[in-house]
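Take a look at the structure set out below.
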């Protein structure tokens, strides 16, 4: 019976191992086991204490004890696999990767917030190990995770380019959110310098604190500012979690005018404010685990108090109180998520950062609108008071009043005329801009074929070259030319030649499937294709499709049927500092010449490992 159970256990483990039967395209969550038993070596941990995680993620909440993980990867393919092992939660102090079969103390790979960023394979806040998996090989790995904060592990295997693509999109979204937050802070700071209104200063401090807190949660501060100041991370995050509510507390009292309406509410807010300031001073002297727990719990209480006070005023149809509720509710959502992390509820980190970003963005925008509306309202009241005094002066001095009235009428007429002229000018400028855009669009089209022209090709090849260099993806350029085109013009006439060019252009356009692919008439009977993210074989497949489609059928022209063939030259390579955009065209053109030298009606691929040769040398 024991033997049967042992065999079943081995069989289930084999089924649950991370097995790669084909080349990984994208990513996959990692199946792993973890153990909370304290040990200096995973081999000393009892077998029955290991717990299986099928989803690839586990959240163990706050704790200072290290956690051991183990997992197997079976590369059953016939190819070498280069993969990223990615932990989606960036706030782990230290991760150490060991490979079974070697001495566990021998050259382990270590990274984490407690290590300088230069020790990482990628100089990024994300925690990534690079794994090289040989064909038909089985690997067993151990990871020792140590942190003073939240022990959340979310492991997955990624193909290099897919990870980079995903990271670029994520950074774009987070960068836009941080950019809007920073812009709102800058606007409020400028308004404070202009108006000297404290509400703008408090709102700017809130937005800046939220910006720093979100950037810290994303790991950007670790990457760009303090990767070697590990103590700063443990000091700032709890203190900033509490301090971010201080300016919001003061603003709530001032904007709602609670000092004259609800003194119990004022007392409650000021007591909470005093405790917050005290905790900001105290938390740096506490352990990180205690400081983080106290910060999240008290910040949650603080937010609930603010929400209760503003909610009572919002029920009385107070517009500013309603906007404050919109500002405070997202903060409540973020703190509930943080509490869930502290108490071991599983939350996927990428989704969490999107929730945090959107919530913080809504709070910043809402508070910015509140501060601006408060200033506008105060200014309107001030203007109203000035108008009232002016009316009293007009009643006492009729002549002066009439003069002022005439001046105001004249000013209104003048403003009306200015507005009318401004509107007419804007309409004219808009129409001119639209015409310019249409003209620019026409200037990039070839009149005969409807394809893009040489000017557009020169512009786009530079843009795609930069993208290829930035994203490290291959870029292909294909030069195509109609074989024996001059005899066609001589025998059938230029009208038939034009029809042949249009037919070839239509065949090229029909063979391109991706919106990013660009077809241009390069000049005369010569065409050029720009194929982003395409290697030589992909470009050859497209070129062969075009060549075969043209060679299959004769073209029916006004002068009779014309049989056409084309030749094509291809050059594809990932852009780097040793290349420039013109070399792609030069390589492809020389490859086209080689295709014609070898008999035409064929596709030739340039060898990117050799320097370009002149046509006489080919």
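We did not get these values from a lab; they are worked out from the coordinates using the rules stated. Given the structure is predicted, the values throughout are model-derived calculations rather than measurements. Please note: Cβ atoms are built from the backbone with ideal geometry, for glycine as well, and neighbour counts cover all protein chains shown.
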Quiz item: What does segment 366-479 give for Rg and for Dmax, in Å, if only its C-alpha atoms count?
Solution: 29.3, 87
Exercise. Consider the candidate values [x] 24.7; [y] 26.5; [z] 30.9; state which one is Kirkwood radius over Cα pairs in Å computed from the structure displayed.
Key: [z]
Quiz item: Which value, in nm² and rounded to one decimal, describes the direction-averaged projected area of the C-alpha convex hull of segment 454-617?
Solution: 9.4 nm²
Practice problem: Assign one of three labels to segment 165-368, namely rounded, prolate or oblate, based on the Cα gyration tensor with a ≥ b ≥ c the square roots of its eigenvalues; rounded applies when a/c is under 1.5, prolate when it is not and a/b is larger than b/c, and oblate otherwise. | Solution: prolate
Quiz item: Can you give the calculated 222 nm mean residue ellipticity of the chain, where each DSSP H run of n ≥ 4 adds -39,500 (n - 2.57) and the sum is split over every residue, rounded to the nearest 500 deg cm²/dmol?
Solution: -19500 deg cm²/dmol
Exercise. Would you kindly compute the Cα radius of gyration of segment 13-139 and its largest Cα-Cα separation (Dmax), both in Å?
Key: 15.0, 43
Quiz item: DSSP beta bridges in the chain, what fraction antiparallel, as a percent rounded to 5?
Solution: 90 percent
Practice problem: Within 10 Å of each residue's Cβ, count the other Cβ atoms and sort 417, 166, 70 from fewest upward. | Solution: 417, 166, 70
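Nearest-5 percent of antiparallel DSSP beta bridges in segment 454-617?
Of the beta bridges lying entirely in segment 454-617, close to 90 percent run antiparallel.
When the Kirkwood radius is taken over all Cα pairs of segment 382-422, what Stokes-Einstein diffusion coefficient follows at 25 °C and 0.890 mPa s, in µm²/s?
216 µm²/s
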